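> One structure coming up, written as structure tokens, with questions to follow.
The values are calculated or read from the model by the stated rules, or taken from the named source; none is laboratory data. Quantities reported herein were computed from a predicted structural model and do not represent experimental measurements. Neighbour counts run over all protein chains shown; Cβ positions are idealised from the backbone, glycine included.
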Amino acid sequence: MRCADFKESYIKDEEIFQSLFVKVWIGVFFVFLLVFPVFADPYVLYIANMIGFAVIAAVGLNILTGFTGQISLGHAAFAGVGGYACAIFITRLNMPFWFALPCGGFVAAIAGLIIGIPSLRVKGLYLCMATLASQFIFEFFFIHWESLTKGIRGINVPPPMIGSFAFDTEKSYYYLTLAVTILALVYGRNLVRSRVGRAFVAIRDRDLAAEIMGISLFRYKLTAFAISSFYAGVAGGLWVCFLRIVTPEHFPFHLSIQYLAMVIVGGLGSILGSIFGAVFMTLVPEILNVVTGNLRDIFPAAGKLFIPLKDVVFGSLIVIFLIFEPRGLAEIWRRIKAFFLLWPFSY
Amino acid sequence: MDILIQILITGIATGGVYGLIALGFVLIYKATSIVNLATGAFMTLGAFICFTFLDNLKFPFWAAFIGTLVCAVLLGIILERLILRQLIGEPIISVVMVTIGLAIAMQGLTTIIWSSEYRSFPEIFPPDPLDLGFSVVPSGLLWGFIFALAGMIFFLLFFKFSRTGVSMRATANDQQAALSMGISVRRIFALSWSFGALAAFVGGIVIGNMSGISIYMGDIGLKVLAVIILGGLDSITGAILGGFIIGILENLAGLYLDPIFGGGVKGVAPFFILVVILMIRPYGLFGKEEIERV
């Protein structure tokens, strides 16, 4: 416990940024996020964009898995639905980008509602299986519903336009990603401290008790699925517009696992954790890439090892975190903070 | 009509292999309540180990086969001791994610050791197809089916008659009662993982023999989920029967629905079936009906 930390009202207790120090530090960080692209090269900006997409999807999945306790092994499929919907709205219906993106999200939310229906009947392991199956079924439709998705050739998407301004470089796109990510985070953080968020947590902790206390499981479970898929759909749409092409290969089962890994490594049931997890799981492969790249000069064989080595590290990270730190990076962060707050008298 | 019979025979033969792999899932689930999503990676590893014994070390097939089985047992014991024992009683998401992480790491390691190239298995069985009079069974399918059947019969007899098999069933039934009867539950857990790995390794060898080996052959492991859900997660009979049903349905779907959807139905059909079963009868044909409803 921190010294002299008492609150006089619930509103104070529920504040997101509790001290002046945190507010200043968030402000400084925000300014840094705004300024750093001026000095960064395109590769760093590319990674920054990828982190943004990952953060959006991870926050969405954390709302479903971390807060509501419903496992989804098919989140990449929702991102795919959002991405495809966004691309089709832009190319076929000539919708403006700013409108197509949320519409793509809504289509993904509808897909999430449909996949969420089994969660009303089965849970735990069986829900895992249902979402896993839905991942493969959606992939099948991406490939074989050719009249809509153009099959494996994919759909080319023009760069997003707002008014007459085109987001066609990494730098300009970065600001777009940043804006959407911040919106997603603000909404997510506020959602989980509202009535809806508390209902989610109640369902996670004991669904029968929640039902008895008057929380409609039907309504809130489906809400969680819809919100979570909306996030995934928006992340998918943003990603597709960034790549300017969408093919079925962009949304494999592996991506679903990656999203879950972000949520677990970051910390289940913590918005901050989702950010940590998304940043961490996006950066680790890139760091590995640099390391094997440097090793290649010494051992020429190292270059070929990069892709399998990435898998080994990725898989081991999941296992190691689940065994040694099941509450993820968010818990490590909390411990570090507590150490400095209480130093030197930790008892 | 001819083609229908041919498809049915192919379905039964692949179904046998599915049944064998499904056994690997069921053996582990019965004892430890963990669904081992790393089964696909186990299969790939088994096929590659057997391949190394045969091709690089020039072992005769029986020696290579036994060598592979020994590796399976060792792998099962090591993984159980190091990783999976810590997970007993953890929430389902942790357990599922650990086995998935394990699968990804193992697949990466397999690629590092053996590279991702496609290889054809050395010829270990006589290549003549079996002529049934009204139809012909290709050699690969035939031997795959024989191996799968032998594996199933072995496990069925083992659980029925051997002391270890009975104590494994007892552990699955009630851990505390088993403990008080002097059964070492820890040893049973390690054994279950060894047996699960064993079934997956044999499945890998059989599939490798049928269609060659590459690191992507593990994808079949996910299809087999449909088999175990259909048969019931904790039922050996269910796994075997479910294997045949899914094998036949998948091939029939490939025959009749592929022209409509333009291919690929065979791969996704088990997942459709999986969703349908989950909606209608989540505990499967023979599973224990203890699923918690909300």
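> Testing B:Ser135 on (1) farther than 19 Å from B:Ile207 by Cβ; (2) within 14 Å of chain A (Cβ to nearest Cβ); (3) of a type in the set (Ser, Thr, Tyr), one condition comes back false. Which one is that?
Here B:Ser135 meets the rest and fails (2).
> Turning to a different aspect of this structure: Tell me, yes or no, whether segment B:94-117 has at least one residue that is farther than 24 Å from B:Met43 by Cα, modelled with pLDDT of 85 or more and crowded, with 16+ Cβ neighbours inside 10 Å.
No; the residues of segment B:94-117 include none that is farther than 24 Å from B:Met43 by Cα, modelled with pLDDT of 85 or more and crowded, with 16+ Cβ neighbours inside 10 Å.
> Of the residues A:Ile16, A:Ile26, A:Ile47, A:Ile11, only one is closer than 18 Å to A:Leu176 by Cβ and either β-branched (Val, Ile, Thr) or free of Cβ contacts under 8 Å to residues at least 24 places away in the same chain (or both); which?
A:Ile47
> What is the number of the single condition among (1) within 14 Å of chain A (Cβ to nearest Cβ); (2) free of Cβ contacts under 8 Å to residues at least 24 places away in the same chain; (3) not polar (S, T, N, Q) that B:Gly182 does not meet?
With (1) within 14 Å of chain A (Cβ to nearest Cβ); (2) free of Cβ contacts under 8 Å to residues at least 24 places away in the same chain; (3) not polar (S, T, N, Q) applied to B:Gly182, the lone miss is (1).
> When you scan segment A:68-76, do you find a residue that is under 13 Å from A:Gly233 (Cα atoms), in a helix (DSSP H, G or I), away from chain B (no Cβ under 14 Å) and of a type outside the set (S, T, N, Q), even just one?
Within segment A:68-76, not a single residue is under 13 Å from A:Gly233 (Cα atoms), in a helix (DSSP H, G or I), away from chain B (no Cβ under 14 Å) and of a type outside the set (S, T, N, Q).
> Is there a residue in segment A:169-184 that is in contact with a helix residue (DSSP H, G or I) (Cβ under 7 Å, 6 or more places away or on another chain), assigned to a helix (DSSP H, G or I) and within 21 Å of A:Gly116 (Cβ to Cβ)?
Looking through segment A:169-184, at least one residue is in contact with a helix residue (DSSP H, G or I) (Cβ under 7 Å, 6 or more places away or on another chain), assigned to a helix (DSSP H, G or I) and within 21 Å of A:Gly116 (Cβ to Cβ).
> So, A:Gly60, is that one farther than 30 Å from A:Ala202 by Cα, out of contact with any strand residue (DSSP E or B) (no Cβ under 7 Å at 6 or more places or on another chain) and surrounded by 10 or more Cβ atoms within 10 Å (Cβ to Cβ) or not?
Criteria not met by A:Gly60.
> Related question: Would you check which residues across segment B:88-129 are within 14 Å of another protein chain (Cβ to nearest Cβ), among the hydroxyl-bearing types (Ser, Thr, Tyr) and over 26 Å from B:Phe189 (Cα atoms) and list them?
Within segment B:88-129, B:Thr111, B:Ser115, B:Ser116 qualify.
> Restrict the check to segment B:187-197 and report whether at least one residue is surrounded by fewer than 17 Cβ atoms within 10 Å (Cβ to Cβ) and aliphatic (A, V, I, L, M).
No: zero hits.
> Taking segment A:242-269, which residues are away from every other protein chain (no Cβ under 14 Å), in contact with a Phe, Trp or Tyr (Cβ under 7 Å, 6 or more places away or on another chain) and part of a helix (DSSP H, G or I)?
A:Phe242
> If a residue has to be among the basic types (Lys, Arg) and surrounded by 17 or more Cβ atoms within 10 Å (Cβ to Cβ) to count, how many in segment A:303-326 make the cut?
1
> For segment A:188-219, which positions are surrounded by fewer than 21 Cβ atoms within 10 Å (Cβ to Cβ), in a helix (DSSP H, G or I) and of a type outside the set (A, V, I, L, M, F, W, C)?
If the condition is that a residue be surrounded by fewer than 21 Cβ atoms within 10 Å (Cβ to Cβ), in a helix (DSSP H, G or I) and of a type outside the set (A, V, I, L, M, F, W, C), then A:Arg189, A:Asn190, A:Arg195, A:Gly197, A:Arg198, A:Arg204, A:Asp205, A:Asp207, A:Glu211, A:Arg219 are the ones that fit.
> Follow-up question, since we're still on this one. I'd like the full set of residues that are outside any helix (DSSP H, G or I) and either at positive phi or surrounded by fewer than 14 Cβ atoms within 10 Å (Cβ to Cβ) (or both), limited to segment A:137-159.
Passing the criteria: A:Lys150, A:Gly154, A:Asn156, A:Pro158.
> Condition first: surrounded by fewer than 17 Cβ atoms within 10 Å (Cβ to Cβ) and more than 19 Å from A:Val234 (Cβ to Cβ). Now tell me which residues in segment A:165-187 satisfy that.
Residues satisfying the conditions are A:Phe165, A:Ala166, A:Asp168, A:Thr169, A:Lys171.
> Tell me whether segment A:209-230 contains one or more residues that are within 30 Å of A:Ser316 (Cβ to Cβ), away from every other protein chain (no Cβ under 13 Å) and touching a residue at least 40 places away in the same chain (Cβ under 8 Å).
yes
> What single numbered condition from (1) within 27 Å of A:Asn190 (Cβ to Cβ); (2) more than 14 Å from chain B (Cβ to nearest Cβ); (3) modelled with pLDDT of 85 or more fails to hold for A:Glu286?
Single failed check for A:Glu286: (1).
> Looking at this structure, is A:Ile162 surrounded by fewer than 19 Cβ atoms within 10 Å (Cβ to Cβ) and within 22 Å of A:Phe36 (Cα to Cα)?
For A:Ile162, the condition - surrounded by fewer than 19 Cβ atoms within 10 Å (Cβ to Cβ) and within 22 Å of A:Phe36 (Cα to Cα) - is not met.
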